[in-house]
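Working notes, beginning with the structure itself.
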Amino acid sequence: MKLIIAVIKPFKLDEVREALSAIGVQGITATEVKGFGRQKGHTELYRGAEYVVDFLPKIKLEIAVSDELLDKTIETISKSASTGKIGDGKVFVLDLQDAIRVRTGDRGDSAL
């Protein structure tokens with residue numbers, strides 16, 4: 001099992017969720033976060049005053065998948081979250097040692 005952590009642009013969330021549902025991904029946890037990468041933030045003009053936005057709004061997705069679904073999930077996230085511009089996001093993959101479904105006590109892949 002693997003844990004995929006993806007950081008994407010907020011307006012891409014629905015598109016990514018629908019694409020992941022279409023390939024059979026069962027559950028996703030989405031969190032609103034702020035951060036920056038190579039963009040280093042940007043400058044905005046508000047009511048005539050210029051100010052620097054250091055941290056940009058992002059969405060962090062956490063998805064637990066079986067090893068068989070890993071490559072397809074990464075490919076789906078990459079395609080559906082891409083705009084071709086800087087700040088599209090990143091995908092991280094971590095080993096997931098175990099998963100336990102609280103209601104039934106199922107463990108491993110069956111808990112996903």
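The values are calculated or read from the model by the stated rules, or taken from the named source; none is laboratory data. For clarity, every value in this text was computed on a predicted model and none was experimentally measured. Quick reminder, even Gly has a Cβ in these numbers, built from the backbone with ideal geometry, and neighbours come from all protein chains shown. With ligands, DNA and RNA removed, areas are computed over all heavy atoms of the protein, side chains included. Shrake-Rupley method; radii C 1.70, N 1.55, O 1.52, S 1.80 Å.
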Inside the stretch 9-32, can you point out the residues that are more than 10 Å from the chain's Cα centre (by Cα), outside any helix (DSSP H, G or I) and of a type in the set (A, V, I, L, M, F, W, C)?
-> Ile23, Val25
Among residues belonging to the stretch 80-94 that are charged (D, E, K, R) and surrounded by 12 or more Cβ atoms within 10 Å (Cβ to Cβ), point out the one that is nearest to Asp14 (Cα to Cα).
-> Asp88
Using beta carbons and a limit of 9 Å, which pairs, at least six apart or on different chains, have the first residue in the stretch 77-88 and without any contact (Cβ under 8 Å) to a residue 24 or more places away in the chain and part of a loop (DSSP other than H, G, I, E, B) and the second one open to solvent by less than 60 Å² (accessible area, probe 1.4 Å) and among the acidic types (Asp, Glu)?
-> Ser82/Asp88
Could you tell me which numbered condition Val52 fails, if it satisfies all but one of (1) over 18 Å from Leu3 (Cα atoms); (2) touching a Lys or Arg at 6+ places or on another chain (Cβ under 9 Å); (3) assigned to a strand (DSSP E or B)?
-> (2)
Can you give me the number of residues within the stretch 89-112 that are part of a loop (DSSP other than H, G, I, E, B) and more than 30 Å from Arg38 (Cα to Cα)?
-> 10
Of all residues in the stretch 1-34, how many are of a type in the set (A, V, I, L, M) and open to solvent by 70 Å² or more (accessible area, probe 1.4 Å)?
-> 1
